[in-house]
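One structure is given below, encoded as structure tokens.
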Amino acid sequence: MSLDVSSFFRSNMESTVPSSLYMKFTFNNSDISNKVVDYGTITRNVDDVVAGDFTVDVTNADQTFNSLLSNKLQFTQEGQLEYGFCHAANSYETISLFKGNLVDANYNGTLVTLVFEDSFRLFGDKEVGTSNSGGNISIASNNPADLAWTLVSSYGELSNVKSTSNPDLDYTTWLAWWNVFDNDTVFVGANFTGQSIIEALETLKTLTDS
């Protein structure tokens, strides 16, 4: 499913020289964009369910990030990169390009490289069912989108709130995807024997041409 963006956003994305480019980075719900010196590269392939890290170089001349050395609980906090364009003064339209938890911080003089790990990375470590006899897990799910939801929420431990208030999943986009299968009367069922969540999502993607 494509992202739900306005014609203003789309025209700027398609422009050779977009105007009013806007980027925002938050850490633990605090905007630290003014501290960012350099953003790392984000690579995504629409043909694959992939996971990866994202790095942000921030200035630490005022020792703002020294607290990471004494308060390790901050390494469970979330960082998010938003990208978009400015409509007018203090009016922005953005999409989330990355969201993940802080896993490392590397200090080099007055610079700190913050390393964040996205949720899909964890999906590669989490298995559904086991290869042992009797360890299979069967999931009866009429709609393929429901199966994907079960995989990432029940097994992937993301929020299972089915509303736009879900903090982890884009419910509006998921619901549009669900409606495609519902309108076409597409049904699935699954039997897992120790596959990772990423492997399961890859199979579902292939079978449904999503």
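Taken together, the values in this text are just the output of simple stated rules run on the coordinates, not laboratory data. On a predicted model such as this, the values are computed, not experimentally measured, just so you know. All Cβ positions, glycine included, derive from the backbone under ideal geometry; neighbour counts span all protein chains shown.
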### Query
Got a sec? Which residues in the range 117-159 would a label at Asn191 touch, if it sits 7 Å along Cα→Cβ and we count backbone N under 17 Å?
128-142
### Query
Can you give the helix-only mean residue ellipticity at 222 nm for the chain, where every DSSP H stretch with n ≥ 4 adds -39500 (n - 2.57) and the sum goes over all residues, rounded to the nearest 500 deg cm²/dmol?
-6500 deg cm²/dmol
### Message
Would you work out the Kirkwood radius for the range 1-42? I mean one over the mean of 1/r across all pairs of different Cα atoms, in Å.
### Response
12.8
### Task
Name the residues whose placed amide hydrogens come within less than 5 Å of the amide hydrogen of Asp104, ignoring near sequence neighbours (fewer than 5 apart) on the same chain.
Val115
### Query
Between Ser33 and Ser154, what FRET efficiency comes out of the Förster formula 1/(1 + (r/R0)^6) with R0 = 45 Å and r the beta carbon distance, rounded to 0.05?
0.80
### Summary
About its Cα centre, the chain carries a charge dipole, from +1 on Lys and Arg Cβ atoms and -1 on Asp and Glu Cβ atoms, whose size in debye to the nearest 20 is 300
### Summary
Checked against the positive end of the charge dipole of the range 11-149 (+1 on Cβ of Lys and Arg, -1 on Cβ of Asp and Glu, about the Cα centre), the farthest of Phe120, Ser11, Ser70 is Ser70
### Query
Top mean-square fluctuation among Asn142, Asn71, Asn160, Gaussian network model of the chain, C-alpha springs under 10 Å?
Asn71
### Message
Testing the spin-label approximation: label points 7 Å from Cα along Cα→Cβ at Tyr22 and Thr130. State their distance in nm.
### Response
5.1
### Task
Of the options Ile95, Ser210, Ile137, report the single residue whose Cα projects farthest towards the positive end of the charge dipole of the range 94-210 (beta-carbon charges: Lys, Arg +1; Asp, Glu -1).
Ile95
### Summary
For Phe98, the residues 5 or more places away or on another chain with a placed amide H closer than 5 Å to its own amide H are Leu81
### Message
Quick check: the distance between the Cα centres of the range 17-34 and the range 100-139, to the nearest angstrom?
### Response
25
### Query
In nm, what is the difference between 0.36 nm times the number of residues separating Ala61 and Asp170 and their Cα-Cα distance?
35.6 nm
### Query
Ordered by residue, what ³J(HN,Hα) values in Hz, to whole numbers, does the range 79-96 give under the Karplus form 6.51 cos²θ - 1.76 cosθ + 1.60, where θ = phi - 60° and Gly and Pro are x?
x, 9, 9, 10, 9, x, 9, 9, 6, 7, 4, 6, 10, 10, 10, 9, 10, 8
### Whole-Hz ³J(HN,Hα) from phi, Karplus 6.51 cos²θ - 1.76 cosθ + 1.60, for the range 168-179, glycine and proline x
10, 10, 7, 5, 4, 5, 4, 5, 5, 5, 4, 5
